[in-house]
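For reference, the structure is listed below as structure tokens.
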């Protein structure tokens with residue numbers, strides 16, 4: 001479970017929808033951070049990225065259309 005501050009960042013990003021979350025994942029991996037991730041340190045950024053990937057993996061395993 002993420003700390004409340006990090007959970008809030010994840011929820012804000014996920015509120016944008018699955019396609020946008022996939023875009024965020026690609027952007028974060030290439031070093032382009034969404035505005036709400038800018039203040040986070042590298043460790044927290046990695047936690048948020050990992051959580052986003054975990055969430056999207058569930059959608060892919062369940063074959064839910066994006």
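Where a number appears in this text, it was derived from the coordinates with a stated rule and is not lab data. For clarity, every value in this text was computed on a predicted model and none was experimentally measured. So basically every Cβ, Gly included, is an ideal-geometry build from the backbone, and we count neighbours across all protein chains shown.
Starting from the 7 Å offset along Cα-to-Cβ, what nm value, one decimal, do you get for the label separation of residue 40 and residue 18?
My value for the distance between the label points is 2.2 nm.
Hey, what angle do you get for helix 42-61 against the long axis of the chain, alpha-carbon based, 0 to 90 degrees rounded to 10?
10
Using only DSSP helix segments of four residues or longer, with each worth -39500 (n - 2.57), what per-residue ellipticity at 222 nm results for the chain after dividing by its residue count and rounding to 500?
After summing the helix terms and dividing by the residues of the chain, the value is -21000 deg cm²/dmol.
Specify which labelled value, from (i) 29, 22, 20; (ii) 45, 32, 20; (iii) 33, 25, 17, agrees with Cα extents along the principal axes in Å derived from the coordinates of the model shown.
Structure-derived value, by its label: (iii).
Can you give me the angle between helix 18-29 and the longest principal axis of the chain, using Cα atoms only, in degrees from 0 to 90, rounded to the nearest 10?
Once rounded, one gets 40 degrees.
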